[in-house]
């Protein structure tokens with residue numbers, strides 16, 4: 001049966017409509033792509049290798065750490081605050097006796113959040129579309145921050161050392177929210193729950209000085225939010241971080257809990 005004029009007209013109109021939809025979709029996609037490129041170009045440049053600022057004293061130095069590098073006492077609820085203070089004292093006494101207590105680092109374990117950002121060794125920041133990547137020299141650790149993406153339900157996040165992080169630029173400040181840090185991963189022996197929330201605000205306070213303002217919320221353990229900051233200095237462009245693989249199989253934990261070394 002031959003098509004009537006009316007049917008042919010409807011087919012043409014349908015084809016034109018589909019074509020318009022496809023063109024509009026392509027333009028929207030192109031606009032989003034261009035918008036993301038423009039936004040990325042406008043973001044502060046934090047790419048490069050960074051070290052803590054002021055720097056840590058040499059490993060075998062007897063000089064105290066600068067105040068900026070010292071741990072801020074956490075506002076823990078009791079009995080956790082007393083337990084934490086006791087552990088800090090135990091560590092100091094053990095260090096003074098030459099029998100330091102083990103730490104995740106001495107046991108070749110990843111530092112986890114927020115310890116990784118403490119940068120006892122250098123870190124490299126990479127800015128790519130949709131992501132900021134932190135490459136830590138120590139243990140060749142990697143942390144990924146997904147930009148402009150919704151945060152999954154914290155209950156659905158599989159606990160890991162560094163947790164799951166999303167970020168967005170608010171003007172000149174990168175705001176990063178992290179959930180899902182394993183409960184046995186402790187920053188400076190501070191306990192936390194599976195619900196711990198870490199918010200970071202990265203911002204340049206000078207051309208090559210970056211400040212990371214950190215706030216931890218965890219009502220189960222903290223009486224109020226715990227805030228402190230890390231500062232970093234950008235190294236020269238030719239500075240390269242090295243591979244750091246922990247292959248030390250000689251460390252052991254003695255009966256008194258101190259860190260020992262195999263002699264056989």
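The values are calculated or read from the model by the stated rules, or taken from the named source; none is laboratory data. Remember, it's a predicted structure, so these values are computed and weren't measured experimentally. Because the Cβ atoms are built from the backbone with ideal geometry, glycine has one as well, and the counts that use them run over all protein chains shown.
Numbers below:
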item	result
Residues satisfying the stated conditions in the stretch 83-99, i.e. exposed (fewer than 14 other Cβ atoms within 10 Å of the Cβ) and over 13 Å from residue 189 (Cβ atoms)	93, 95, 96, 97, 98
Answer from 220, 149, 211 - the residue that is in contact with a strand residue (DSSP E or B) (Cβ under 7 Å, 6 or more places away or on another chain), modelled with pLDDT of 95 or more and assigned to a loop (DSSP other than H, G, I, E, B)	149
Selection status of residue 113, in a loop (DSSP other than H, G, I, E, B), surrounded by 15 or more Cβ atoms within 10 Å (Cβ to Cβ), touching a strand residue (DSSP E or B) at 6+ places or on another chain (Cβ under 7 Å) and modelled with pLDDT of 95 or more	yes
Failed item in (1) modelled with pLDDT under 95; (2) within 24 Å of the chain's Cα centre (by Cα), with residue 261 passing the rest	(2)
The stretch 116-131: number of residues that are in contact with a helix residue (DSSP H, G or I) (Cβ under 9 Å, 6 or more places away or on another chain), outside any loop (DSSP other than H, G, I, E, B) and surrounded by 14 or more Cβ atoms within 10 Å (Cβ to Cβ)	4
Number of positions in the stretch 132-146 that are at pLDDT 95 or above and surrounded by fewer than 18 Cβ atoms within 10 Å (Cβ to Cβ)	5
Matching entry among 71, 134 (being more than 20 Å from residue 177 (Cα to Cα) and either more than 12 Å from the chain's Cα centre (by Cα) or not in a helix (DSSP H, G or I) (or both))	71
Members of the stretch 42-59 found to be touching a helix residue (DSSP H, G or I) at 6+ places or on another chain (Cβ under 8 Å) and farther than 8 Å from residue 232 by Cα, listed by number	56
Restricting the stretch 152-201 to residues that are part of a helix (DSSP H, G or I) and in contact with a helix residue (DSSP H, G or I) (Cβ under 7 Å, 6 or more places away or on another chain), the residue that is surrounded by the fewest Cβ atoms within 10 Å (Cβ to Cβ)	189
Some residue of the stretch 150-172 being within 23 Å of residue 231 (Cβ to Cβ), over 11 Å from the mean Cα position of the chain (by Cα) and touching a residue at least 60 places away in the same chain (Cβ under 8 Å)	yes
Selected residue (criterion: surrounded by the fewest Cβ atoms within 10 Å (Cβ to Cβ)) from residues of the stretch 209-219 that are more than 16 Å from residue 177 (Cα to Cα) and touching a residue at least 60 places away in the same chain (Cβ under 8 Å)	209
Residue selected from the stretch 65-82 under the condition under 28 Å from residue 233 (Cβ atoms) and free of Cβ contacts under 8 Å to residues at least 40 places away in the same chain, by the criterion surrounded by the fewest Cβ atoms within 10 Å (Cβ to Cβ)	67
